[in-house]
Amino acid sequence: MKVAVVGATGLVGTVMLKVLAERNFPVTELIPVASAKSKGKEIDFKGKKYKVVTVDEAIAMKPDVALFSAGGSTSTEQAPKFAAVGTTVIDNSSAWRMDPTKKLVVPEVNADVLTAEDKIIANPNCSTIQMVVALKPLHDEYKIKRVVVSTYQSVTGTGVKAVDQLMNERKGIKGEMAYAYPIDLNVIPQIDVFQANGYTKEEMKMILETKKIMGDESIRVTATTVRIPVMGGHSEALNIEFEKDFDLAKVRELLAATSGVIVVDDPSNAKYPMPMDAHEKDEVFVGRIRRDESQVNTLNMWCVADNLRKGAATNAVQIAEYLLEQKLIG
Ligand code: 2RA
């Protein structure tokens with residue numbers, strides 16, 4: 001398959017290339033796409049060298065699939081042009097996620113919504129992806145009424161500039177600031193801009209995307225998203241209220257039996273998910289599974305995943321794999 005990666009030189013784009021190679025996606029021709037200033041730059045993919053091309057050049061090459069991670073404005077402007085030449089776009093930006101005509105997909109949760117007519121498919125926000133993978137088996141069994149989530153998000157979610165800020169601060173070097181405040185030895189309770197209702201865009205993404213992906217507008221979600229000085233992935237404290245009561249052993253069984261989920265839950269031996277263990281993995285790790293003793297039918301759970309992989313690149317590649325398996329592309 002002719003596969004374009006739009007934003008190939010960025011943090012997520014680089015991971016997309018790595019995951020495509022690792023998972024042996026049948027790429028017969030790679031089309032790395034970046035801004036004009038990167039044109040001609042060489043990208044190594046599975047032992048072959050490819051030159052970065054511009055968006056217009058890539059469109060003219062009519063790729064079968066285009067994985068986008070190049071920001072919302074590029075997706076808004078360019079995704080339709082790729083679709084117009086027959087390319088199936090899987091877009092990691094927020095541009096199309098809440099568009100009622102576009103599918104928002106986490107394969108383990110709602111891949112069945114996809115059809116051959118879907119030429120622009122939205123990859124959800126990283127913090128939403130890992131949460132819904134963990135919620136889905138429990139929603140199917142006990143029906144979720146409400147989720148309260150607090151996140152502890154890696155600086156890699158912001159990008160290279162934020163990683164550089166953290167590393168510089170740790171070395172005592174004054175460098176460019178990705179955030180309004182120092183991030184080392186600090187936490188910043190703001191991810192993206194504030195909305196009129198006092199929530200940030202990141203929090204509203206978790207609230208709105210969850211309902212769309214789970215296909216259930218009745219699920220109530222509230223979120224507090226926080227940036228922390230960590231590299232390996234995003235962590236989330238989930239408080240989940242169900243319609244029905246549950247059995248803890250059964251909850252663990254359901255999660256352990258879910259594709260893409262790994263249960264790490266042995267508190268007496270200090271075993272629980274941590275970003276340093278999730279780093280560079282594709283699974284969602286859950287632990288600290290326990291009843292909320294302050295409210296009936298309510299569960300507390302801790303969830304960790306690599307936000308650049310399952311939270312972005314791997315989820316996008318898994319969508320492409322599903323489309324291929326179901327003969328919706330290729
Ligand atoms: C973040 N989820 O962590 C957002 C976008 N990647 O910054």
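Each row is one residue, and each column tells you yes or no for (1) surrounded by 14 or more Cβ atoms within 10 Å (Cβ to Cβ); (2) touching a residue at least 40 places away in the same chain (Cβ under 8 Å); (3) not aromatic (Phe, Trp, Tyr).
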{"site": "VAL6", "(1), (2), (3)": "yes, yes, yes"}
{"site": "LEU11", "(1), (2), (3)": "yes, yes, yes"}
{"site": "PHE25", "(1), (2), (3)": "yes, yes, no"}
{"site": "LYS39", "(1), (2), (3)": "no, no, yes"}
{"site": "LYS46", "(1), (2), (3)": "no, no, yes"}
{"site": "VAL65", "(1), (2), (3)": "yes, yes, yes"}
{"site": "PHE82", "(1), (2), (3)": "yes, yes, no"}
{"site": "GLY86", "(1), (2), (3)": "no, no, yes"}
{"site": "VAL89", "(1), (2), (3)": "yes, no, yes"}
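In the set (1) among the hydroxyl-bearing types (Ser, Thr, Tyr); (2) under 16 Å from GLN130 (Cα atoms); (3) away from the ligand (no atom under 14 Å from the Cβ), THR156 fails one condition alone, (3).
The residue pairs whose first member lies in the stretch 311-330 and is among the aromatic types (Phe, Trp, Tyr), whose second member is buried (at least 19 other Cβ atoms within 10 Å of the Cβ), and whose beta carbons are closer than 6 Å, counting only pairs six or more residues apart or on different chains, are TYR322/PRO107. With the condition kept exactly as written, say whether any residue in the stretch 75-89 is within 16 Å of the ligand (Cβ to nearest atom) and under 11 Å from ILE319 (Cβ atoms). No. In this structure, is ALA116 surrounded by fewer than 15 Cβ atoms within 10 Å (Cβ to Cβ) and either closer than 17 Å to LYS211 by Cβ or touching a residue at least 40 places away in the same chain (Cβ under 8 Å) (or both)? When the stated conditions are applied, ALA116 passes them. Looking only at residues of the stretch 247-300 that are outside any helix (DSSP H, G or I) and among the basic types (Lys, Arg), we find that the one that is farthest from the chain's Cα centre (by Cα) is ARG291. Taking into account only those residues within the stretch 190-227 that are within 13 Å of the ligand (Cβ to nearest atom) and under 27 Å from GLU293 (Cβ atoms), which is nearest to the chain's Cα centre (by Cα)? If we take residues in the stretch 190-227 being within 13 Å of the ligand (Cβ to nearest atom) and under 27 Å from GLU293 (Cβ atoms), then MET206 is nearest to the chain's Cα centre (by Cα).
Just one of the listed residues (GLU321, GLU236) is under 22 Å from the mean Cα position of the chain (by Cα), assigned to a helix (DSSP H, G or I) and of a type outside the set (Ser, Thr, Tyr), namely GLU321. Out of GLU169, GLU176, GLU117, GLU141, one residue alone is in the same structural domain as VAL317 (by TED's automatic domain parsing), more than 22 Å from the chain's Cα centre (by Cα) and at negative phi. It is GLU117. Taken over the stretch 122-165, the criterion of being without any contact (Cβ under 8 Å) to a residue 60 or more places away in the chain and part of a strand (DSSP E or B) is satisfied by ALA122 alone. Only one of the listed residues (GLU176, GLU169) is assigned to a loop (DSSP other than H, G, I, E, B) and of a type in the set (D, E, K, R). That residue is GLU176. Here the condition is being buried (at least 24 other Cβ atoms within 10 Å of the Cβ), away from the ligand (no atom under 16 Å from the Cβ) and over 30 Å from PHE68 (Cα atoms); of ILE289, ILE240, it holds for ILE240 alone.
When restricted to residues that are under 20 Å from LEU208 (Cβ atoms) and either among the aromatic types (Phe, Trp, Tyr) or away from the ligand (no atom under 15 Å from the Cβ) (or both), the stretch 119-132 contains 2. State the number of residues belonging to the stretch 48-59 that are in a helix (DSSP H, G or I) and surrounded by 13 or more Cβ atoms within 10 Å (Cβ to Cβ). Here the count works out to 4. From the list VAL264, VAL230, VAL226, VAL251, the lone residue that is of a type outside the set (Asp, Glu) and in contact with a Gly (Cβ under 8 Å, 6 or more places away or on another chain) is VAL264.
The values are calculated or read from the model by the stated rules, or taken from the named source; none is laboratory data. A quick note: this is a predicted structure, and the numbers were derived from the prediction, not measured. Note that we place each Cβ from the backbone using ideal geometry, even for glycine, and neighbour counts take in every protein chain shown.
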